[in-house]
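Comments concern the structure below.
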Amino acid sequence: ALDTNGDGVLDSIELFDPGSGTFAEAPYRLRSGRYYHTSALIRDGTVLVFGGHSGENLPSQCAPMLAEVDRVDAAAGLGTPFASMPNANAGLTAVTLLDGTVVAAGGGGCTTGSALPDILYLRGRID
């Protein structure tokens, strides 16, 4: 299991060991510290981490959003840049469909009426 959505602005990744019931920090980092991001488990066992707010302008509630998508492979001990979304986004959701397509949708910015209408499809098998 992968925990990337803790409290605060983090670029760290924690891996959960169900055998011991404990978390351990992974030796690699995401490209940017972030919060209000989302992730999706893909069929090859890696995880895509989408967007979020950066740590800039804290303690403001309206930090810049990220367009980054990082791929985390806990088994190989790697975290690598994967892609960029067409628009920066935070608070979105992502899901992997049965055919391997990953859909990321929703989210938005910090001001009223700033929701982004984008739906991002990563078509075909991602592995």
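The values are calculated or read from the model by the stated rules, or taken from the named source; none is laboratory data. Everything quoted here is computed from the prediction, not taken from an experiment. All Cβ positions, even for glycine, are placed from backbone atoms using ideal geometry, and neighbour counts span all protein chains on display. SASA here: full protein model, heavy atoms, side chains in, ligands and nucleic acids out. Shrake-Rupley method; radii C 1.70, N 1.55, O 1.52, S 1.80 Å.
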For this session: Restricting attention to the range 28-42, report how many residues are over 18 Å from ALA74 (Cβ atoms) and in a loop (DSSP other than H, G, I, E, B).
Result: 1
Exercise. Quick one: is ALA74 at pLDDT below 85, within 19 Å of VAL102 (Cβ to Cβ) and small (Gly, Ala, Ser)?
Worked result: yes
Exercise. Is it true that LEU30 is of a type in the set (A, V, I, L, M, F, W, C) and at pLDDT 85 or above?
Worked result: yes
Exercise. Are any of the residues in the range 52-63 open to solvent by 50 Å² or more (accessible area, probe 1.4 Å), among the charged types (D, E, K, R) and at pLDDT 85 or above?
Worked result: no
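May I ask you to say which residue of GLY51, GLY45, GLY77, GLY21 is small (Gly, Ala, Ser) and touching a Ser or Thr at 6+ places or on another chain (Cβ under 8 Å)? Don't jump to the end; show me each part of the working.
Details: GLY45 fails: touching a Ser or Thr at 6+ places or on another chain (Cβ under 8 Å); GLY77 fails: touching a Ser or Thr at 6+ places or on another chain (Cβ under 8 Å); GLY21 fails: touching a Ser or Thr at 6+ places or on another chain (Cβ under 8 Å).
Unique residue meeting the criteria: GLY51.
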For this session: Can you run down the residue pairs with Cβ atoms below 7 Å, 6 or more apart or on separate chains, where the first is in the range 11-22 and touching a residue at least 60 places away in the same chain (Cβ under 8 Å) and the partner is of a type in the set (Gly, Ala, Ser)?
Result: ILE13/ALA26; ILE13/GLY79
Problem set entry | Residue in the range 18-46 that is farthest from the chain's Cα centre (by Cα), counting only those that are open to solvent by 20 Å² or more (accessible area, probe 1.4 Å) and among the aliphatic types (A, V, I, L, M) | ALA24
